[in-house]
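Written below as structure tokens is the structure these notes are about.
The values are calculated or read from the model by the stated rules, or taken from the named source; none is laboratory data. As the structure is a computational prediction, the values presented were derived from the model and not from experiment. For neighbour counting, all protein chains shown are included, and Cβ atoms are generated from backbone atoms with ideal geometry for every residue, glycine included. Heads up: the accessible areas ignore ligands, DNA and RNA and are worked out on the full protein's heavy atoms, side chains in. Shrake-Rupley method; radii C 1.70, N 1.55, O 1.52, S 1.80 Å.
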Amino acid sequence: MNPPPPDAAYWRGTLQAGRDELRRAYLENGDAETLLHGHSRLVDKLLIAIWRQLSLAPDMALIAVGGYGRKQLFPGSDIDLLILLPEHPDAVHDPDVERLVGLLWDIGLDVGHSVRTLPECMEEAQDITVQTNLLEARFLTGDGELFRDLDSAVRRRLNPREFFEAKLQEQQQRHARFHDTANNLEPNLKESPGGLRDLQNILWISGAMGLGGSWEQLTLKAIITAQEARQIHRHQRLLENLRIRLHYLARRREDRLLFDYQMPLAEQYGLTGTEKGRHAARRIASEQLMQRYYRTAKAVSLFNEILLRTLRKRIFPADSQVVTRIDANFQARNGLLEIADDNVFQRDPGAILEGFLVMQQQPKLSGMSATTLRALWRSASLIDGRFRRETRHRELFMAIMRQPHGITHELRRMNQLGILGRYIPAFGRIVGQMQHDLFHVYTVDGHIMMVIRNLRRMMAPRFAHELPLCSELIGAFEQPETLYLAGLFHDIAKGRNGDHSMLGAEEAERFCKLHQVTEVETELVVWLVANHLVMSATAQKQDISDPDVIEAFAIRVGDQCHLIALYLLTVADIRGTSPTVWNAWKGKLLEDLFQATHRHLGGGAATLESHLLTRQAEALNILRLYDFDHETIQALWAELEPAYFLRHDAQEIVWHSRNLYGKAAAGETIVKSRLSPAGEGIQVMIYTPQRDDLFARICSFFERNDFNIVDAKIHTSRHGYALDSFVVLDEANRAVHYRDLLYFINHELLQRLLGAAPLDPPLQGRLSRHLRHFPITPEISIKPDEKNVYYVLSVTAGDRPGLLSRIAQTLLKHGIHLHTAKITTLGERAEDTFLMAGDELENPETARQFETDLLLQLRT
């Protein structure tokens, strides 16, 4: 008696056993190619056996497409199949297809399938993705003649020029989804710039051109050299191995190098987090792994650019080869910079830098030819100590930094080709280095390029509307190259032992002296690098309405030139950390500090009394426009301490006075909100009888309604009323009219303050993945202010729901009164500063207990 045919359980067991064996062998030998081809063979055998067992209609064909078609089947990838039907399918085909697909799903194959006739395939092939899949289709079983008809039709339909343009556009769109950078902290191994798809794109195009679909075939066709093929293979293997291991770790298809997997992957590679060096501090294992990835992605991006230009030249031979000689080393051919001969850089190494200078000086050039890019990349090793000591080479580099156009583009090109890191070795060490500070989303070299780009963007008239003051200031700045040099060196010592600002300043000073930068300019560059964090720290952590703070900051900057330069660098630096860190509120804080210091340095320093009187007079002049009674306003103001007028500008005082006019004397609780004059966020005024838990209640309300507090000014009047001002951002980005949002705050917060409900406990929201994997150890500092009137509490912690409520309720528990709060959120890092007073702070023992309790709350 014949045994029964294998059922789904049998096939499922066979598939799982085969995959388990492949996984075991891979983890033992780490051979990506063997795993990918082996997985494809396993699935091939299974599908062919199942097809034959089901005795399906003989005029159908089963075809592998996609990654499975090219025998690159990753552990978690879908099995992409085309079930090709005859041109006129009949009633028997539908049941056959249903039986096949149903069984494949039952045995655990994640099948992505399409069922089409040949004409339908050709119709769908108008889509570039479908056409690409069909080009790498691979016959499995069934009607071989039908498959050959499809293959012939696809080849006849193929137009290599159209295919090239379509794949290029597809790549550009894909890169745009990742902001055209490979330096994201959680990159996609397959789709990100510099990922596997960039390599596949080259082979798809070369295959469509008839040049071959492998690196070996491209070597035979002299498209790449044998050395380049080896390097491409090495980078491809790293990406493939990472993707394979990632699928195994995630137990599914996962192509993003999420924080959850970076450390386990690093451990699989044997990285221990103990890598040190003369220049580097200890780095965790995941940072070492990711630096390898970023450098591979940069190399892949470069190969992709070079080979796309090489292939374009083949497929689009210019009808008229327009060649214009530029100098002895370079010529322009069809709008691209081309070396005069293949030995230019060996004969004259200085031409390496000269090429970038020519790109800046020749605006009609749209880029570099593939020949030039390849020659530059190969010649990077010529840049050694002797090269760096040559006076001409130093002059060329400084000429690049002083050009009016193209600085950002050429520095980025130099970085991509490895030339910038060779010329400035300190820069080479931070290429691909991650920054786990929870607000930088780029690698260190990527961030530096963004800072220089931001400075250059300020110079461009077409972007003047973005930052009008910065554009005005930089346009009048006499030595903008000092700003660019400061931008280039400000984070160059990241990851070393010690203060990266001071270490970077040493690197900058050494560079400037070697490059004959004037003494005055050298001092400015070095000072900017050493102090590049000072202005943001002052604006975001100190009370910049205090004339003493302004005076201390003015003493530190010294003069208008240093102030302007530091302001411009600070804005460019913050805007270069992440697309989300900069906001209008941070911009206003920095501009307010700049303007106040500018006035002070210009001889506009005033006594506290004159400053107060000036502010009040300015506010009164505006209030007269509303025909308010002078005596009523003066009576209202008489209840407010001088500190109130120093900490609010005239427009804020007017807004408060208009809302309190005729109501304050009646003792009403008032909540009013408006769009922040800074251009982003909502400003909220609260006037109510002072109570100990007021700040905690306000924090709880905003947190529970997805508003992020970015500034709080707390004031208690002489008659015991709180006049508090908050600036909040709508974290939920509610799709409602702003008037509805203001009404909600006015009404709901008022009801919360009038009610007698118990204080809500702090929110217990989940930590973000970033914070879970790269936690910030909470730090607090308590010290008297410079006048010994208040205490300054500085808190650094990972930002999370309920953080501010935890701080507020700890202050409440210990009877500590808040005077002002500066809430700074940098990505997922909170750096908050509070000015406070309370008897417990005067006693060392109770002060220590408060500190202990607060740390406990921050760690819970």
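Between Gly367 and residues 5 or more places away or on another chain, which pairs have amide H atoms under 5 Å apart, with H built 1.01 Å from N, and which residues are they?
Amide H neighbours of Gly367: Leu337.
Any chance you could give the angle, 0 to 90 degrees and rounded to 10, that helix 93-106 forms with the longest Cα principal axis of the chain?
60 degrees
Rank these by accessible area, largest first, 1.4 Å probe: Thr614, Thr482. Write out the running numbers ahead of the final one.
Details: Thr614 90, Thr482 0 Å².
In descending accessible area the options line up as Thr614, Thr482.
What does the highest-first list of 328-341, 630-643 look like by mean Cβ count within 10 Å? It would help to have the intermediate numbers written out before the result.
Numbers: 328-341: 17.5, 630-643: 14.6.
For the peptides 328-341, 630-643, the packing ranking is 328-341, 630-643.
To the nearest 500 deg cm²/dmol, what mean residue ellipticity at 222 nm is calculated for the chain from DSSP H runs of n ≥ 4 alone, each contributing -39,500 (n - 2.57), summed and divided by the residues? Don't skip to the end; give the middle numbers.
On the way: 40 runs with 474 residues, N = 860.
Result for the chain: -17000 deg cm²/dmol, rounded to the nearest 500.
Please compare each pair in Lys494/Lys787; Lys783/Lys813; Lys298/Lys541 to a cut-off of 31 Å on the Cα-Cα distance and tell me which ones are over it.
Details: Lys494/Lys787 35 Å; Lys783/Lys813 20 Å; Lys298/Lys541 38 Å.
Exceeds cut-off: Lys494/Lys787; Lys298/Lys541.
If you average the sequence gap of Cα pairs under 8 Å that are 6 or more apart and divide by the length of the range 496-612, what percent do you get for the contact order?
Details: 80 pairs, mean separation 30.4, N = 117.
Relative contact order, the range 496-612: 26 percent.
Using +1 on the beta carbon of Lys and Arg, -1 on that of Asp and Glu, and nothing else charged, what's the dipole of the range 81-150 about the Cα centre, debye to 20? Present the calculation step by step, with values, prior to reporting the outcome.
Details: 4 positive and 15 negative charges, 49 e Å.
About 240 debye.
Shape of the range 102-221 from its Cα gyration tensor (a ≥ b ≥ c, root eigenvalues): rounded if a/c is under 1.5, otherwise prolate when a/b > b/c, or oblate?
Numbers: a/c = 1.85, a/b = 1.29, b/c = 1.43.
Note, shape of the range 102-221 comes out oblate.
Not counting ligands, DNA or RNA, and with a 1.4 Å probe, what is Glu842's accessible surface area in Å² rounded to the nearest 10?
My reading of the accessible area for Glu842 is about 120 Å².
On a 0 to 90 degree scale, rounded to 10, what angle separates helix 370-379 from the longest Cα axis of the chain?
Roughly 70 degrees, rounded to the nearest 10.
Tell me which residues come under 5 Å, amide H to amide H, from Asp711 once H is placed; ignore anything under 5 positions away on its chain.
Answer set, sorted by chain and number: Val727, Ile823.
Using heavy-atom solvent-accessible surface (probe 1.4 Å) with all chains present, what is the largest-first order of Glu680, Glu519?
Values: Glu680 70, Glu519 165 Å².
Descending order: Glu519, Glu680.
Given points 7 Å out from each Cα along the Cα-Cβ axis, report the Glu668 to Ala635 separation in nanometres with one decimal.
Taking the two extended label points, one gets 1.6 nm.
For the range 38-106 and the range 629-678, what is the separation of their C-alpha centers, rounded to whole Å?
76 Å
Can you tell me the order of 520-529, 380-389 when each peptide is scored by its average per-residue count of other Cβ atoms within 10 angstrom, highest first?
Numbers: 520-529: 20.9, 380-389: 13.1.
Listed from highest to lowest mean packing, they are 520-529, 380-389.
Run the simple label-point estimate for Thr272 and Lys364 please: 7 Å along Cα→C-beta, distance reported in nm.
With each label placed 7 Å out from Cα toward Cβ, I get 6.1 nm.
Find the relative contact order for the chain and round it to a whole percent, using C-alpha pairs within less than 8 Å whose residues are 6+ positions apart.
Details: 1210 pairs, mean separation 57.4, N = 860.
Contact order relative to length: 7 percent.
Simple spin-label model, 7 Å along Cα-to-Cβ: Phe744 to Trp582 in nm?
2.9 nm
Take the alpha carbon gyration tensor of the range 396-546, find the square roots of its eigenvalues, order them as a ≥ b ≥ c, and report rounded if a/c is under 1.5; if not, report prolate when a/b exceeds b/c, else oblate.
Working: a/c = 1.29, a/b = 1.07, b/c = 1.20.
Verdict is rounded for the range 396-546.
Tell me, what ³J(HN,Hα) does each residue in the range 23-32 have, in order and in whole Hz, if you take phi through Karplus 6.51 cos²θ - 1.76 cosθ + 1.60 with θ = phi - 60° and put x for Gly and Pro?
5, 4, 5, 5, 5, 7, 10, x, 8, 5
Where does each of 490-501, 725-736 land if you order them by average Cβ count within 10 Å, highest first? Don't skip to the answer; put the middle values down first.
Numbers: 490-501: 20.2, 725-736: 16.1.
Ranking the peptides 490-501, 725-736 by packing returns 490-501, 725-736.
Below 8 Å, C-alpha to C-alpha, sequence gap of six or more: please give me the relative contact order for the range 793-860 in percent.
Numbers: 86 pairs, mean separation 26.0, N = 68.
Once divided by the residue count of the range 793-860, the mean separation gives 38 percent.
Hey, can you grab everything whose amide H is under 5 Å from the amide H of Ala340? Only 5+ residues off in sequence or another chain; H modelled, so Pro and N-termini drop out.
Those lying under 5 Å, H to H, from Ala340 are Phe330, Gln331.
Looking at the square roots a ≥ b ≥ c of the eigenvalues of the Cα gyration tensor of the range 163-227, which shape do they give, rounded for a/c under 1.5, prolate if a/b is larger than b/c, or oblate? Don't skip to the answer; put the middle values down first.
Working: a/c = 3.22, a/b = 1.73, b/c = 1.87.
Oblate is the answer for the range 163-227, as a/c is 1.5 or above yet b/c matches or exceeds a/b.
What list of ³J(HN,Hα) couplings, whole Hz, do you get for the range 237-249 from phi and the Karplus terms 6.51, -1.76, 1.60, once you set θ to phi - 60° and write x for glycine and proline?
5, 4, 4, 5, 5, 4, 5, 4, 5, 5, 4, 5, 5
Which sequence of Arg392, Arg234, Arg161 reflects their accessible areas, 1.4 Å probe, from the largest down? Present the calculation step by step, with values, prior to reporting the outcome.
On the way: Arg392 95, Arg234 140, Arg161 115 Å².
So the residues, ranked largest to smallest area, are Arg234, Arg161, Arg392.
Using a 1.4 Å probe and ignoring any ligands, DNA or RNA, find the accessible area of Ser55 and quote it in Å² to the nearest 10.
90 Å²
Setting aside same-chain residues fewer than 8 positions from Lys45, which lysines have a Cα under 16 Å from its Cα?
The qualifying lysines are Lys71.
What list of ³J(HN,Hα) couplings, whole Hz, do you get for the range 535-545 from phi and the Karplus terms 6.51, -1.76, 1.60, once you set θ to phi - 60° and write x for glycine and proline?
5, 5, 5, 5, 5, 9, 10, 10, 7, 6, 7
Go through (1) 282; (2) 228; (3) 164 and flag the label whose value is the computed volume of the Cα convex hull per residue in Å³ for this structure.
Matching the structure shown: (2).
Quick one: angle between helix 391-402 and the longest Cα principal axis of the chain, in degrees between 0 and 90, rounded to 10, please.
Taking the Cα atoms of the chain, the angle to 391-402 is about 70 degrees.
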